[in-house]
Each structure stands twice: as structure tokens, then as C-alpha cells.
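Below: the structure, in C-alpha cells.
The values are calculated or read from the model by the stated rules, or taken from the named source; none is laboratory data. The structure displayed is predicted, hence computed values, not measured ones. Cβ placement follows ideal geometry from the backbone for every residue including glycine, while neighbour counts extend to all protein chains displayed.
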Amino acid sequence: MGCCSVTAPDLALQAATSRFLKPGPFVAFKGLFVAYFLTWCFLWPLEYNSIYLFATYWVWYTGAAYFALSFSTACTHFRRWSAATQAGAPEHGSGGEGSDRPAPSWSNLTGDVLTPALRTRIHPFEQAVLAMQLFTWNVACLGSVFVAIIYWSSLYTGAPISSVDMNAHTLIVFVMVADQLLVATPFRIRDMWKAEVFALTYLVYSLLWYFVGQELIYVILDWDRHFWEAFLYSVAGIFVLIPAISVLHYYIFRLRESIYATCRQRAESSSGVLNDRLLSAEDGGSSTQSESVTSHVPQTGTDLAAIENV
């Protein structure tokens, strides 16, 4: 990329890949939900005049932005991976004629790229896109659960379920959980500040709208007649509920990494790598065999580091 590029962090590769899907299916997964989010972004304004008032839609649009950004980074990685694979294995999937070196490849069950050139440099613009992707991802993950809890516990009146209720108050939660289980991006509890900044921004917006426009957005945010109730709702939501949701998503992340480690170990064992090492170790004695077995057990390097670096 020239002199303007900088060293690519591991996070840049993780944000563009999946733990369990190859690049092609992963791009398709992202593209499917880009279409899903954008479709409702255009349909809802046809039914609701005050769509931009509500946190429901703020979170939905943030989710749409996240999937658009992550779709873009996944496509970029897919193109580079495809080019590297074709360059390394033009005909028979080998590292070149007369070479026993394997071509650049992608594990079916892991996010491990075996081509270092794919992740050596990253342009500053890509770094900015990465930062925006991570910000919107955190807000969408935490904000979707936040909105669902507030709506169904404090705002739902028993009226018939609308498309807004089904999608923006319910389904988005499961979409973000599914995304959390498939992506390779590490989730850190300390990043909850992003969702809290988002919530504080919306709180200021609701205050300005109420006192300037004299229009009540939510009954629980009636700053005139029930000031202290609205204040307590706001404080509890931002500084208690969001951290609690962050812990929930962190354990979903831990579950994903645990499943990944198990699948990776089974995939490597079934491929015969473990058997080859055991056979080689037999010639070196029992101690060497023990070391070989121990060294083969996958430590999921960046995974453990991400889990410990909460």
C-alpha cells in the first residue's frame, strides 16, 4: 500500500474473519444481514413520522452501519486471500511446481490465515474503518439487549406486536448474538464505554428534545413531572444495565472461544497431524513423545490473550 501504510494489528485480521466460516460464506453471512438491516431502514420511515426520535432506531441504524462496515472489511480480506491463494497454487493447490510447500490456505474451522503477507500492512483509512466497525459493533451488541430489556419491561403496553417490535426490540438481539458467535473479533468488557457514550449522547438528545420541542419520547423519561424517576432510570440504565449486558456478551465470547478451541483440536487431530508427531516421537524416547504431545495441544494464542486482557 505504499509509504502511507502502517503495521497491521492482529485485530484488523480478526475483525475481517470468522472463527468457523471460510471467507466466502462469511462474506455471504455479512451481506445477508446488510440487506436485512437496510431493508427495514427504508421501510420504517414509511409508517412512522417520528422515527428518528427513538433510541430503538438509533441502535438499529448503528447495527446497519456495523454490518455494512464489517461486510466491507470481510470483502477486502476475501479478495486478498483469493489472490494469495491463486498466486500460491495456480493449478494443483501446491506451493509451486516441484515444491512440497503447501499453498496459502484457510482452515475450515479456524480463523488462521497461513499467509503472513495477508496481514502485514494496513492503510490509515482502513484503520479508521476498523475503529468505526469496532465502535458500532460494541454499541449494537450491548444496545440491542438494552433496548429490548427497557421496552419489554417498562414500555410495552400489551398492544399487538408490530414489525418494529419484532425486529428492533427482539430479533436484533439474536442477530447480534449470532454474529458474536461467528466472528473472530475479541470482546472486551472495558469497551463498554462505547455503549455508555452512545447512551449518554442519546440522553442529552432526549433532554434537548423534551425541553425545546416539548415532546415526550418515552414515558419513563418525563423530565418535567417525574424528574427523579427519569434520572434514576437513566443512571441505572447507563451505569448498571450496560455493564451487566457487557458481562453477558463477554461470556458469550468466552463460549465462542471455547467451542473454537475444541473444534480446532478435533480438526487437527483428525487431519493426522497428531498421529504424525506421535510416530516421530517414538524414535526419540518417551520424554520426547511427551513433549511432542504437549506442544501439539493448541493454546489458541490470541484467544487466551484476549480472554485474559479484559
Being modelled with pLDDT of 95 or more and either under 17 Å from ILE149 (Cβ atoms) or out of contact with any His (no Cβ under 9 Å at 6 or more places or on another chain) (or both) narrows LEU208, LEU203, LEU248 down to just LEU248
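Return the only residue of VAL173, VAL197, VAL177 being closer than 24 Å to ALA12 by Cα and under 17 Å from the mean Cα position of the chain (by Cα). Before you say what the answer is, go through the steps one by one.
Values: VAL173 fails: closer than 24 Å to ALA12 by Cα; VAL197 fails: under 17 Å from the mean Cα position of the chain (by Cα).
Answer to the check: VAL177.
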Of the residues in the stretch 145-186 that are in a helix (DSSP H, G or I) and without any contact (Cβ under 8 Å) to a residue 24 or more places away in the chain, the one that is surrounded by the fewest Cβ atoms within 10 Å (Cβ to Cβ) is SER153
Subset of the stretch 215-236, residues in contact with a Phe, Trp or Tyr (Cβ under 7 Å, 6 or more places away or on another chain) and either in contact (Cβ under 8 Å) with a residue 24 or more places away in the chain or basic (Lys, Arg) (or both), comes to GLU215, ILE217, ILE220
Log entry, pairs with first residue in the stretch 72-91 being within 15 Å of PRO25 (Cα to Cα), second being modelled with pLDDT of 85 or more and of a type in the set (Phe, Trp, Tyr), beta carbons closer than 8 Å, six or more apart or on different chains, reads ALA74/PHE26; PHE78/PHE26
For the structure I just gave you, tell me whether VAL164 is closer than 15 Å to PHE54 by Cβ and modelled with pLDDT under 90. yes
*Kindly check whether there is at least one residue in the stretch 187-203 that is polar (S, T, N, Q) and in a helix (DSSP H, G or I).*
yes
